[in-house]
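Peer 1: Shown below is the structure under consideration.
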Amino acid sequence: MHFRIIVISLAVASILSSCKKEDNKQNDTKKKRSDLLIGKWKVTQGGKDPGSLIPIDEQYSYLDEYKSNGEGTSTFLADSSVDPFTWMVSASETYIRQIRSYEGEPDTMYLEFYSFEKNKFIVKDTSFGSVNYGVFERQ
């Protein structure tokens, strides 16, 4: 599973290197990001620089599903493997915290919102000692 997280992080990094920073405004100011996040989101681009993100190869992409009860799943599209996680959006709505299990121990990831729209968001991931960006699009 740790290898899969590294592969996913590399995929997100390669995708995020071609994005531009977008307005960090919500389309619906009455809803919190945690409410807008409910649903399925596919990683479509990634890379190390938000100004030059590239499309993610389908075999390295994954689909995250966020449920309203704070649970979620990541489906790695190459082999359809599914990893469960719990999640929350910070009170400041600046990042997502995901807690997954790695070798029976909790493994916490923090994904900072770089931009957020109703059907697309970009995160900055500083896991594993490097900075990567990923574009998620609503499915």
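Peer 1: Write out the trypsin sites (Lys or Arg not before Pro) in segment 79-139 meeting two conditions: DSSP loop, and at most 14 other Cβ atoms within 10 Å of their Cβ.
Peer 2: Counting only loop positions with at most 14 other Cβ atoms within 10 Å, the trypsin sites (Lys or Arg not before Pro) in segment 79-139 are LYS118.
Peer 1: Accessible area per residue for segment 44-91 in Å², computed with a 1.4 Å probe and the full protein assembly in place, what is it?
Peer 2: Solvent-accessible surface per residue comes out at 51 Å².
Peer 1: How much length would be gained if the chain were fully extended between ASN69 and GLU103, taking 0.36 nm per residue of separation minus their Cα-Cα distance, in nm to one decimal?
Peer 2: 9.8 nm
Peer 1: Of all GluC sites (Glu not before Pro) in segment 88-139, which ones are in loop regions per DSSP and have a Cβ with at most 11 other Cβ atoms within 10 Å?
Peer 2: The qualifying sites are GLU103.
Peer 1: Sticking with this structure for a sec: Test of understanding: what is the full-extension gain from TYR110 to ARG138, defined as 0.36 nm times their sequence separation minus their Cα-Cα distance?
Peer 2: Here the answer is 8.1 nm.
Peer 1: Roughly what would the spin-label model give for LYS48 and LYS32, points 7 Å off Cα along C-beta, in nm?
Peer 2: 3.7
The values are calculated or read from the model by the stated rules, or taken from the named source; none is laboratory data. Keep in mind the model is a prediction, meaning the values are calculated, not measured. Methodologically, a virtual Cβ is constructed for each residue, glycine included, from the backbone with ideal geometry; neighbour enumeration extends over all protein chains shown. All accessible areas refer to the heavy atoms of the entire protein, side chains included, with ligands and DNA or RNA removed. Shrake-Rupley method; radii C 1.70, N 1.55, O 1.52, S 1.80 Å.
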